[in-house]
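Shown below is the structure under consideration.
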């Protein structure tokens, strides 16, 4: 038994800088597109890192569930959806896919993964040099698959040395503004270092592909050029990107790119999508996703 994407959801721009609102909107859209009831979502996983006002407790997954109207009304006979945060930076979505694969094997009907980030001040949504991540929310609704359609094994790799990127609240400077501050630091060779591990896991995932597979690449977007660099290193030429008008959507980059490709119909003719996530660590994850056959 495998796992496949039933539907997607996306939320960018608009009148909110809240990742809870954006991720909640994306979750609602994914459920609506799938034509299922909210109570059919058995497990809810949030993979976002940068959250409203640097919230620590409760789990942000619970806040997003409440926003999305999924399993947290606490009324009599209300069905319950188990939710939790799974935070591992840029690779979080693929980490959640691996966890979801084990969950659906136990009989859970659907797993909903959400991703998204925002500046903790809630005053802006576009990336800049100091905080290189855009505000957005994205969702993948997953279900079991009894055929070859869906995700293959998720491969992971890390590299030695410094983490290449770090984010923290500077306690020496925050004063009374700690809930609205975040410091992000990147090594000068950050992108080159994460490229190395991205290519490593990409090759492992591609080993599962048939010789005649037509593969599109969806990768993390620390820069607009990074996915193309990954694809070129893997001798692949087709890349699908999220909307990068406001900058890097970070944890939401993969689901946003896939959602955009589905909406625009730009995966027609392809047999697979190679998902590659890479970020701080340096660390990377990759999985080869077999697309369903086109329908008439």
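Suppose we filter 144, 125 for residues that are outside any strand (DSSP E or B), modelled with pLDDT under 95 and surrounded by 17 or more Cβ atoms within 10 Å (Cβ to Cβ); which single one remains? Explain how you work it out, then say what you get.
Numbers: 144 fails: outside any strand (DSSP E or B).
Matching residue, one of 144, 125: 125.
Which ones in region 267-279 are touching a strand residue (DSSP E or B) at 6+ places or on another chain (Cβ under 8 Å) and surrounded by fewer than 21 Cβ atoms within 10 Å (Cβ to Cβ)? Break it down into steps so the answer makes sense when it comes.
As a first pass, look at region 267-279 and keep what is touching a strand residue (DSSP E or B) at 6+ places or on another chain (Cβ under 8 Å): 267, 270-279.
Scanning region 267-279 gives 267, 270, 271.
Moving to a separate point now. Of all residues in region 187-199, count the ones that are out of contact with any strand residue (DSSP E or B) (no Cβ under 9 Å at 6 or more places or on another chain) and part of a loop (DSSP other than H, G, I, E, B).
2
Looking only at region 50-59, count every residue that is more than 16 Å from residue 250 (Cβ to Cβ) and in a helix (DSSP H, G or I) and tell me the total.
The initial filter retains those residues of region 50-59 that are more than 16 Å from residue 250 (Cβ to Cβ), namely 53, 55-59.
Subsequent filtering for residues that are in a helix (DSSP H, G or I) retains 53.
Selection size over region 50-59: 1.
Ok, one more. Determine which single condition residue 62 fails, assuming it passes every other condition in (1) part of a helix (DSSP H, G or I); (2) at pLDDT 95 or above.
Of everything listed in (1) part of a helix (DSSP H, G or I); (2) at pLDDT 95 or above, residue 62 misses just condition (2).
Quick check, is residue 48 at pLDDT 90 or above, in contact with a strand residue (DSSP E or B) (Cβ under 8 Å, 6 or more places away or on another chain) and over 18 Å from residue 168 (Cβ atoms)?
Numbers: at pLDDT 90 or above: yes; in contact with a strand residue (DSSP E or B) (Cβ under 8 Å, 6 or more places away or on another chain): yes; over 18 Å from residue 168 (Cβ atoms): no.
Spelling it out, it is not the case that residue 48 is at pLDDT 90 or above, in contact with a strand residue (DSSP E or B) (Cβ under 8 Å, 6 or more places away or on another chain) and over 18 Å from residue 168 (Cβ atoms).
Can you name the residue in region 26-49 that is assigned to a helix (DSSP H, G or I) and under 19 Å from the mean Cα position of the chain (by Cα) and is also surrounded by the fewest Cβ atoms within 10 Å (Cβ to Cβ) among such residues? Lay out the reasoning, then the answer.
Let us first name the residues in region 26-49 that are assigned to a helix (DSSP H, G or I), namely 26-34, 38-40.
Filter once more, keeping what is under 19 Å from the mean Cα position of the chain (by Cα): 26-31, 33-34.
Numbers: 26: 30, 27: 30, 28: 18, 29: 21, 30: 29, 31: 24, 33: 16, 34: 19.
Here the residue is 33.
Residues that are at positive phi, crowded, with 24+ Cβ neighbours inside 10 Å and either part of a loop (DSSP other than H, G, I, E, B) or at pLDDT 95 or above (or both): does region 91-113 have at least one?
Narrowing region 91-113 to residues at positive phi: 107.
With crowded, with 24+ Cβ neighbours inside 10 Å added as a condition, the list becomes none.
Scanning region 91-113, I find no residue that is at positive phi, crowded, with 24+ Cβ neighbours inside 10 Å and either part of a loop (DSSP other than H, G, I, E, B) or at pLDDT 95 or above (or both), so the answer is no.
Could you give every pair whose Cβ atoms fall below 6 Å, whose first residue belongs to region 272-283 and is within 13 Å of residue 97 (Cβ to Cβ), and whose second residue is assigned to a loop (DSSP other than H, G, I, E, B), counting only separations of at least 6 or pairs across chains?
Listed pairs, sorted by first residue: 277/220.
The values are calculated or read from the model by the stated rules, or taken from the named source; none is laboratory data. Since the structure is predicted, the reported quantities are computational estimates derived from the model, not experimental observations. Cβ sites come from the backbone with ideal geometry, for glycine too, and all protein chains shown count toward neighbours.
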